[in-house]
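Asker: Here it is, the structure, as structure tokens.
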Amino acid sequence: MDMDRNILDDDPATGFGKLKSDILDKELCTGCSICTVMCRLENIAFDGHPVMRQECASCQLCNIVCPRAGEISSKLQKEWDILNRHALIRSARSTDEGILNVCQDGGVTTSILWYVLNKGLINGAVVSGVKDLKPVPMIATTYDELISSAGVRYSPSPTYQALLSDSRNGNMRNHLTRLGLVGTPCQVLALRNMQMPDLEGAVLEPSDCIEFTIGLFCMEQFDSKLTEYLKKKMDMQNAKKFRMTRNGLIISFTDGSKILIEHAEIKRFIRPNCRICTDFTSKYADISVGSAGSPAGWTTVIIRSEIGRSIYYGALRGGFMVENPKSPKTQIIERLSSKKTERSAKNLIHYAERTEL
Ligand SMILES: Cc1cc2nc3c(=O)[nH]c(=O)nc-3n(C[C@H](O)[C@H](O)[C@H](O)COP(=O)(O)OP(=O)(O)OC[C@H]3O[C@@H](n4cnc5c(N)ncnc54)[C@H](O)[C@@H]3O)c2cc1C
Ligand code: SF4
Ligand code: SF4
Ligand code: SF4
């Protein structure tokens, strides 16, 4: 048995061996954790990155859903290119004081989730909470749980782990259905890969439990070593909020003080997988949200799909948020999108040289 396991796990042409040699060994893993949920044998554990724990049946599912495993399917690309052509772009903010106190920008993300939960349109929201400054995936089912997840963590959240519940026998699947999900562009792409019908036309489980996605704009994420670095540099116990700005990372503390850490000091902590990523606006999300393009205290919102429109306008009509009469500055979003694509092209050359592809 052990012999078989080693052969399959170590084979770079198939199964987990392929995921390891194509993604993990090349530092391309985004830490989305969807492969752990995908493995029907529940064989992939997650410890900052996927780890094989038993035999691999070489079914390839983990390779199919991985957002870094290659080109996205042309069908997916076509469908979303059409939706993107008709996308609406708005600036909005929450009307709820509790949300405004803790949110990152205008609190649109948490307000939309609160609206759909409150109306019973979903049973829960897959979000990223926080513990010891680290993102912790969770399924929020109440207002208080949503409040605890608002704001931003700049290190990867293994969001899809929320679909698994711990058990002494390993990770068991959660049975909640009708969920909303908040994720970075790579996490949203992972979900779309999972939602693409397989060769027999069946949609892969558990993607069918996700009703809609809110995708975050994203320029980059930082390795968890950044948190350790900051903890050594200053007392982080009362750190309340993190905000990446043009000048660097601003950390706000509970006593009202703020510290700016310049980009030059922390850029070495940017994750290698982010340096070659091209999607800034979460272009496969039903609704995308970011700060770019809107004034402080407002969220820029891109609404792409029918379900995206329905929940965005439902939340507006229900008084959960208000729109800014001024449209977001789209040229800022376009500039940042181009910057990300250019950075990726440049780093892909370095990357190919380094890994001798
Ligand atoms: C890593 C990262 C990088 C970003 N980079 C940019 C950028 O360059 N430019 C830009 O305009 N906007 C960026 N954003 C988005 C922006 O910071 C806000 O999240 C967005 O404007 C929504 O604000 P809000 O007030 O509506 O969100 P809130 O109502 O505060 O809700 C925030 C949501 O984000 C989720 N979340 C927090 N951290 C993570 C994480 N690590 N992974 C997955 N989900 C998480 C929470 O679960 C919560 O649901 C980034 C977000 C992240 C997480
Ligand atoms: S999903 Fe399939 S290929 Fe991947 S680890 Fe599990 S059994 Fe192996
Ligand atoms: S990017 Fe996601 S799916 Fe790919 S190896 Fe990493 S955790 Fe698994
Ligand atoms: S930059 Fe790309 S790979 Fe990195 S977290 Fe953002 S979407 Fe994921």
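Asker: Report, in debye and to the nearest 20, how large the dipole of the chain comes out about its Cα centre when Lys and Arg carry +1 and Asp and Glu carry -1 on their Cβ. Show your work: numbers first, answer last.
Answerer: On the way: 45 positive and 41 negative charges, 286 e Å.
Computed charge dipole of the chain: roughly 1380 debye.
Asker: Write out the GluC sites (Glu not before Pro) in the range 45-86 meeting two conditions: DSSP loop, and at most 11 other Cβ atoms within 10 Å of their Cβ. Walk me through the intermediate numbers first.
Answerer: Working: sites: Glu55, Glu71, Glu79; in loops: Glu55, Glu71.
Sparse-neighbourhood loop GluC sites (Glu not before Pro): Glu71.
Asker: Continuing with the same structure: By how many degrees, between 0 and 90 and to the nearest 10, does the Cα long axis of helix 108-118 differ from the longest principal axis of the chain?
Answerer: Approximately 80 degrees, to the nearest 10.
Asker: Using the Cα centre of the chain as origin and beta-carbon charges of +1 (Lys, Arg) and -1 (Asp, Glu), tell me which of Cys274, Thr177, Ala264 is placed farthest towards the positive end of the dipole.
Answerer: Of the options given, the answer is Ala264.
Asker: In the calculated pair distance distribution of the range 79-196, what percentage of Cα-Cα distances lie above 23 Å?
Answerer: Details: 2446 of 6903 pairs.
For the range 79-196, the fraction of Cα-Cα distances above 23 Å is 35 percent.
Asker: Still on this model: Relative to the longest principal Cα axis of the chain, at what angle does helix 74-85 sit, 0 to 90 degrees, rounded to 10?
Answerer: It works out to around 0 degrees.
Asker: Just to confirm my numbers, what's the Cα centroid distance between the range 222-258 and the range 84-120 in Å?
Answerer: 25 Å
Asker: Right, next: When the helices in the chain are scored as -39500 (n - 2.57) per DSSP H run of 4 or longer and the sum is shared across all residues, what 222 nm value do you end up with, to the nearest 500 deg cm²/dmol?
Answerer: Values: 14 runs with 126 residues, N = 357.
That comes out to -10000 deg cm²/dmol.
Asker: Using Cα-only point scatterers and the Debye equation, what is log10 of I(q)/I(0) for the chain at each q in 0.08, 0.10, 0.13 Å⁻¹, rounded to two decimals?
Answerer: Scattering profile of the chain, log10 relative to I(0): -0.39, -0.62, -1.08.
Asker: Taking the convex hull of the alpha carbon atoms in the range 233-327, what volume per residue do you get, in Å³? Walk me through the numbers before you get to the answer.
Answerer: Working: hull volume 15.2 nm³, N = 95.
Spread over its residues, the Cα hull of the range 233-327 gives 160 Å³ apiece.
Asker: Return the single residue from Ser149, Ser165, Ser257 with maximal mean-square fluctuation; model: Gaussian network over the chain, springs between Cα atoms under 10 Å.
Answerer: Taking springs between Cα atoms under 10 Å, the residue moving most is Ser257.
Asker: Right, something else. What is the Cα coordinate range of the range 1-129 on the first, second and third principal axes, sorted by size from largest, in whole angstrom?
Answerer: If we take the Cα atoms of the range 1-129, the spans are 60, 33, 28 Å.
Asker: Taking only Cα atoms, what is the 0 to 90° angle, nearest 10, from helix 306-317's long axis to the longest principal axis of the chain?
Answerer: For helix 306-317, the angle is close to 30 degrees.
Asker: Solvent-accessible area of Met321, probe 1.4 Å, all protein chains present, reported in Å² to the nearest ten, please.
Answerer: Ignoring ligands and nucleic acids, Met321 comes out at about 0 Å².
Asker: When ligands, DNA and RNA are left out and all protein chains stay put, how many square angstrom of accessible area per residue does the chain have with a 1.4 Å probe?
Answerer: 50 Å²
Asker: Tally up the carbon and sulfur contribution to the accessible surface of the range 2-65 as a whole percent, 1.4 Å probe, everything protein left in place.
Answerer: Values: 1620 of 3020 Å².
Whole-percent figure for carbon plus sulfur exposure: 54.
Asker: Please list, in order, the residues from the range 125-166 whose amide nitrogen is less than 14 Å from a point placed 7 Å along the Cα→Cβ vector of Lys241.
Answerer: Zone members listed by number: 150-153.
Asker: Another question, if that's okay. To the nearest 20 debye, what is the magnitude of the charge dipole of the range 2-65 about its Cα centre, counting +1 on the Cβ of each Lys and Arg and -1 on the Cβ of each Asp and Glu?
Answerer: On the way: 6 positive and 11 negative charges, 46 e Å.
The dipole of the range 2-65 has a size of about 220 debye.
Asker: How about the chain: what cysteines have no other cysteine beta carbon under 4.7 Å from their own?
Answerer: So far as the 4.7 Å Cβ criterion goes, Cys29, Cys32, Cys39, Cys56, Cys59, Cys66, Cys103, Cys186, Cys209, Cys218, Cys274, Cys277 stand without a partner in the chain.
Asker: Then there is this: List every residue whose amide H lies under 5 Å from the amide H of Ser165, counting only residues 5 or more places away in sequence or on a different chain, with H placed 1.01 Å from N in the peptide plane.
Answerer: For Ser165, whose amide H was placed from the backbone, the distant partners under 5 Å are Met172, Arg173, Asn174.
Asker: Take every Cα-Cα pair in the range 2-65 and report what % of them are more than 18 Å apart. Don't skip to the end; give the middle numbers.
Answerer: Details: 457 of 2016 pairs.
The answer is 23 percent, as a whole percent.
Asker: Something else: Using a 10 angstrom cutoff on alpha carbons, build the Gaussian network for the chain and name the most mobile of Ile332, Ile139, Ile270.
Answerer: With Cα springs under 10 Å in the chain, the top fluctuation among Ile332, Ile139, Ile270 is at Ile332.
The values are calculated or read from the model by the stated rules, or taken from the named source; none is laboratory data. Note that this is a predicted model, so its numbers are computed, not measured. Quick reminder, even Gly has a Cβ in these numbers, built from the backbone with ideal geometry, and neighbours come from all protein chains shown. Calculation scope for accessible area: heavy atoms of the full protein, side chains included, ligands and nucleic acids excluded. Shrake-Rupley method; radii C 1.70, N 1.55, O 1.52, S 1.80 Å.
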